[in-house]
Number of protein chains: 2
Amino acid sequence: MNFCSHCGSPVVSKIPDGDQVPRFVCTNCGLIHYKNPLLVLGCVPEWEDKILLCRRAIEPRRGYWTVPAGFMENGETMQHAAARECQEEALATVEIGSLLAVVNVTHAHQVHVMFRARLLAPQFGAGTESLEVGLYTEAEIPWTDLAFPSGEFTLRKFFADRSAGRDDYHFTELTRPIKY
Amino acid sequence: MNFCSHCGSPVVSKIPDGDQVPRFVCTNCGLIHYKNPLLVLGCVPEWEDKILLCRRAIEPRRGYWTVPAGFMENGETMQHAAARECQEEALATVEIGSLLAVVNVTHAHQVHVMFRARLLAPQFGAGTESLEVGLYTEAEIPWTDLAFPSGEFTLRKFFADRSAGRDDYHFTELTRPIKY
């Protein structure tokens, strides 16, 4: 950040009065520009004993596999965001179920929130951000070609809970960037 | 938003190629400026049969009561943010427990996430954002003087679950601004 989005003047990084951390503050109008974590919403869409995965058509991690997920938009609920991302990336309609995983990706300033979901029909396809989309059993999951650690955490918990007949939620923190 | 925070040129609101909603786009460098929901983190700190509440010293809703809560910062987990807010607003140290409430405040572009928490000692005080802080039984809660609907939802669920011996989590959506 170099300029104030309100008045266009240069900003400086400093700790405002009564604050504890540096913020970008406008040198002209004094506006404080806060930067806060972004929410990424996703789901594990289930159809019979299979789940729906997407192979990414965009960077980062083009060509690798992921559960449908993306940035939450203003005006949505978490559940709306998770369902919309599935529609966009996998052209698939889901009913969002219980909370599955919350991954604090602190180094990236993101929180990934993942739900269980039920595919309403075995109908899907590759959205513009996907190279291919398919239904896979647990044994068929491309575990070594998953795009993101949060997705692997989510899928591991999903299958472990399903085997155990549980419907739990799981928090974790991923503190370091993964070297690909 | 009027100016690009990267290069300082004017922005316009338009739907970028491949997108569905209007964004602020720089007329010079083309950067797209996304606006996404903010996370507010809080907790219900418990000590014996009482819970800790703060009376707000700042707007909005100065003079009204709230659970300790505030905006999550970059680099924190949700749990860290909830504990830090309690330290700042109530000068109280808590151990964060289970997930209690997720309130999608869609009109305000916020998601409020609330945890149960255990006060480590009956020690607390008014932080700079609080007029007073105290421990209250369920019967003593100032229900008609609570600052925010998300706080009331959180407290109602907390006491209902405690009475029933449950440890559930609760999602809800608050779709309209409340007229105070």
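The values are calculated or read from the model by the stated rules, or taken from the named source; none is laboratory data. All of these numbers come straight from a predicted model, not from anything done at the bench. Every residue, glycine as well, gets a Cβ built from its backbone with ideal geometry; the counts of neighbours run over all protein chains shown.
Descriptive notes on the structure:
- Residue match in segment B:132-142 (condition: within 29 Å of A:Thr172 (Cβ to Cβ) and at pLDDT 95 or above): no
- For segment B:69-180, the strands (runs of 3 or more DSSP E) that sit wholly inside it and include 2 or more residues that are within 21 Å of A:Tyr34 (Cβ to Cβ) are B:69-71, B:94-105, B:110-119.
- Matching residues in segment A:1-16 - criterion: being part of a loop (DSSP other than H, G, I, E, B) and surrounded by fewer than 18 Cβ atoms within 10 Å (Cβ to Cβ): A:Met1, A:Asn2, A:His6, A:Cys7, A:Ser9, A:Ile15, A:Pro16
- B:Trp65 being in contact with a helix residue (DSSP H, G or I) (Cβ under 6 Å, 6 or more places away or on another chain) and either farther than 30 Å from A:Arg176 by Cα or among the basic types (Lys, Arg) (or both): yes
- Within segment A:140-154, if we keep just the residues that are over 13 Å from the mean Cα position of the chain (by Cα) and of a type in the set (A, V, I, L, M), the residue that is surrounded by the most Cβ atoms within 10 Å (Cβ to Cβ) turns out to be A:Leu146.
- Single residue of segment B:120-139 satisfying the filter (in contact (Cβ under 8 Å) with a residue 12 or more places away in the chain, more than 12 Å from B:Arg55 (Cα to Cα) and of a type outside the set (Ser, Thr, Tyr)) that is surrounded by the fewest Cβ atoms within 10 Å (Cβ to Cβ): B:Ala121
- Qualifying position, being modelled with pLDDT of 95 or more, out of contact with any helix residue (DSSP H, G or I) (no Cβ under 7 Å at 6 or more places or on another chain) and hydrophobic (A, V, I, L, M, F, W, C), among B:Leu100, B:Leu120: B:Leu120
- Condition broken by A:Thr172, with the remaining ones in (1) more than 21 Å from B:Val113 (Cα to Cα); (2) surrounded by fewer than 18 Cβ atoms within 10 Å (Cβ to Cβ); (3) hydroxyl-bearing (Ser, Thr, Tyr) satisfied: (1)
- Among the residues making up segment A:17-68, a single one is part of a loop (DSSP other than H, G, I, E, B), buried (at least 18 other Cβ atoms within 10 Å of the Cβ) and among the β-branched types (Val, Ile, Thr): A:Val67.
- Qualifying residue in segment B:74-88 (condition: more than 10 Å from every other protein chain (Cβ to nearest Cβ) and of a type in the set (D, E, K, R)): yes
- Residue match in segment A:57-67 (condition: of a type in the set (Gly, Ala, Ser) and closer than 24 Å to A:Asp168 by Cβ): no
- Every residue from segment B:7-30 that is of a type in the set (A, V, I, L, M, F, W, C) and either over 16 Å from A:Gly8 (Cα atoms) or within 30 Å of the chain's Cα centre (by Cα) (or both): B:Ile15, B:Val21, B:Phe24, B:Val25
- Residue selected from segment B:1-42 under the condition touching a strand residue (DSSP E or B) at 6+ places or on another chain (Cβ under 6 Å) and more than 14 Å from every other protein chain (Cβ to nearest Cβ), by the criterion farthest from B:Leu119 (Cα to Cα): B:Lys14
- Close Cβ contacts (under 6 Å, 6 or more residues apart or on different chains) running from residues in segment A:85-106 that are crowded, with 24+ Cβ neighbours inside 10 Å to residues that are of a type in the set (Lys, Arg) comprise A:Leu100/A:Arg116; A:Ala101/A:Lys157.
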